[in-house]
Amino acid sequence: MYAVGASVVRVRLAPAGDGAVSVVVADGTGVSVASADALVTRPVGEGEFAAAAGVGESLYRVEWVPASPAAGLEVGVQGCALVGEDDFGLTEVLGAEGFADFDEVGECVPDVVVVCACSVGDRGVVSGVSAAVDRVLRLVQGWLAEERFAGSRLVVVTRGAVAVEAGEDVRDLAAAPVWGLVRSAQAEHPGRLVLLDVDDAGASLDALREAVPTGEPQVAVRRGEVLVPRLTQGAASGVLVPVAEGQPWRLEPSRERTLEGLTLATAGDAARELGEFEVRVAVRAAGLNFRDVLVSLGMYPDHRALMGSEGAGVVVATGPGVESYAVGDRVMGLWTGGFGPLAVADHRTLTRIPDGWSFAEAASVPVVFVTALYALRELAGVRPGESLLVHSAAGGVGMAAVQLARVFGLRVFATASPGKWDVLRGLGIDGAHLASSRSLEFEQRIRSVSGGRGVDVVLDSLAGEYVDASLRLLGEGGRFIEMGKADVRSADEVAAAHPGVTYRAFDLMEAGPERIGEMLTEIVGLFEQGALQRLPTRVWDVRRAGEAYRFMREARHVGKLVLSVPAALDPEGVVLVTGAGACWAVWWLGIWWPSVGCVTCCWSADVARRVSACRSSRRS
């Protein structure tokens, strides 16, 4: 490797022995960039793509936990300044005064000085890393050299530069090394610098005023929640372990049918020969639905049902008749038995993951949005101007239905527990159209707001008296669409008790694979147009599925819960990552095999969180 930074290269290949070629790479001016005396390639079979079926457990792991007064020293903030470009719109949120550089700050220095660090323009990752790191390095050096800043803290703010939750991707690769740089500076100058990473949720910006004074050196804000890192034992109790290392496995309920009895059982059928229209997917994340809780407790009507009906991953094999996908494609969609490293899917129920989406984000979309679309348009046949009541609207399907209702031009009423109303207000529902899902008062409230008319359509997931009250809100031509399984009623009996009302209980799979795939593709198109937004998503490692299941059973969540599936290294492989040379090795891989280079970068970022010890040079 001779040089870096070339955006265009010219490559010369020449035979170099049995099955090998020599490689010479030069930039547009003819200057040598890199060379290899002998490059040998070999074919890779399906088995090697699927080899990462085992999982390993680290001695320790970093967990990001909610910050509390006990989590760190409470430090007051007397004044705040922002230096440089306000890339994230922080000046107004923090009540900060803006300055072009440190010289403009003057001698009256506030307690906190904020700088933003993010990718610069369209430089690409390699150039972007250099630009971001160089800029922050100069800022930090200048900050530390100025005696007048000795009593202040420098807060370096990034967006998506660090993975906080399982399954979360590093969105700003160019800004990620800034965290490494500032961490080194923190070790040498404790208490002087703070790292703060935010997501793109509006609530997160509002939470910044709480995040800055925590006294923590590293802070992240996700969906308005302030998080701080803590080192915990990797082999803590409650971590599930596959029964057969190296074999396909999946999450399954115990014979006792309790959440405490969840287990990772062998899943030989995940590696079976593929039939017509089938593909095998290396699952990286899988959506958790209430159906899965019912299956785990033995309460689902079909006792043969498997848990894990949606997810996202990478195609590792294709069966006969599959022309739409190839090995290596990133896909999302519906399948069965997807709480494990491998799943078999009908390719017609899949679609490609949009650029920029993480696997966890992709896994949060299929069931909730396709279910809502199928219920509202296909079954209810909603028309612009009609009114819709969505029960449990802060859940996954509920939030998806609220968004689609806006697309269809509907007037929306929604129920949810009062503690979740702010989330629905964020989707455009005003207080007059909100009611509690834990009280029957919603019936009278909706009648009052609607002038006694009620609603045209009900999307239901409740039971008992709540169903009766909802049916009473429907008049002639009203449609009651039942998603739940706990209180399914006879359509004929409902019609007799409520003349003119159509009752329809459904299961999404009745739509068939082709229609499901068409709706999923349509949903992705609406996301790309900006008509829909992804739901708040909370991610658990599948080996800690019990925690996620209990969280869902207690109805504490907003939006979507997702289980991430770890991808292990080939136990027979060797990976050496050391010093700056490793960066050039990854860059070299990226030239010849972009997918390999990308995977190496992502793996390196993930593994870096799990090593027992690191050695570094303060001089480097």
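Since every read-out is calculated from the coordinates, none of them should be taken as a lab result. The shown structure was predicted, so the numbers you read here are calculated from the model rather than taken from an experiment. Please note: Cβ atoms are built from the backbone with ideal geometry, for glycine as well, and neighbour counts cover all protein chains shown.
Could you give the distance between the Cα centres of the range 335-376 and the range 455-527, to the whole Å?
If we compute the Cα centre of each part, the gap is 22 Å.
How long are the semi-axes of the equivalent ellipsoid of the range 487-560, defined as square roots of 5 times the Cα gyration tensor eigenvalues? Whole Å, largest first.
Numbers: eigenvalues 191, 105, 37 Å².
They are 31, 23, 14 Å, listed from largest to smallest.
Ratio of the range 112-206's C-alpha Rg to 2.2 N^0.38 Å, to two decimals? If you can, show how the numbers build up before the last one.
Working: Rg = 13.6 Å, N = 95, 2.2 N^0.38 = 12.4 Å.
Here the Cα radius of gyration is 1.09 times the empirical estimate.
Placing one identical point scatterer on every Cα of the range 62-233 and ignoring solvent, what is log10 I(q)/I(0) from the Debye formula at q = 0.14 Å⁻¹?
Normalising to I(0) and taking log10 leaves -0.70.
Enumerate by residue number the GluC sites (Glu not before Pro) in the range 123-167 meeting two conditions: DSSP loop (anything except H, G, I, E, B), and at most 14 other Cβ atoms within 10 Å of the site's Cβ.
For GluC sites (Glu not before Pro) across the range 123-167 that sit outside H, G, I, E and B with at most 14 neighbouring Cβ atoms in 10 Å, the list reads 146.
May I ask you to derive the relative contact order of the range 62-233, considering only C-alpha pairs under 8 Å and at least 6 residues apart, and to give it as an integer percent?
27
By per-residue mean of other Cβ atoms within 10 Å, what is the highest-first order of 481-487, 154-160?
154-160, 481-487
Cα atoms only, the range 185-231: Rg and Dmax in Å?
Spelled out, the Cα radius of gyration and Dmax of the range 185-231 are 11.1, 34 Å.
Could you work out how far apart the two model spin labels at residue 490 and residue 514 are, taking each label as a point 7 Å from the Cα in the direction of the beta carbon, and quote it in nm?
The modelled label-to-label distance comes out at 3.5 nm.
Between residue 224 and residues 5 or more places away or on another chain, which pairs have amide H atoms under 5 Å apart, with H built 1.01 Å from N, and which residues are they?
Amide H neighbours of residue 224: 204.
Compute the FRET efficiency between residue 302 and residue 265 as 1/(1 + (r/R0)^6), taking r as their Cβ-Cβ distance and R0 = 30 Å, and round to the nearest 0.05.
0.95
Relative contact order of the range 222-377, please, whole-number percent, based on alpha carbon pairs below 8 angstrom and at least 6 residues apart.
Relative contact order of the range 222-377: 22 percent.
If you count, for each residue, the other Cβ atoms within 10 Å and average over each peptide, how do 432-439, 496-503, 338-345 line up from highest to lowest?
In descending order of packing, they fall as 338-345, 432-439, 496-503.
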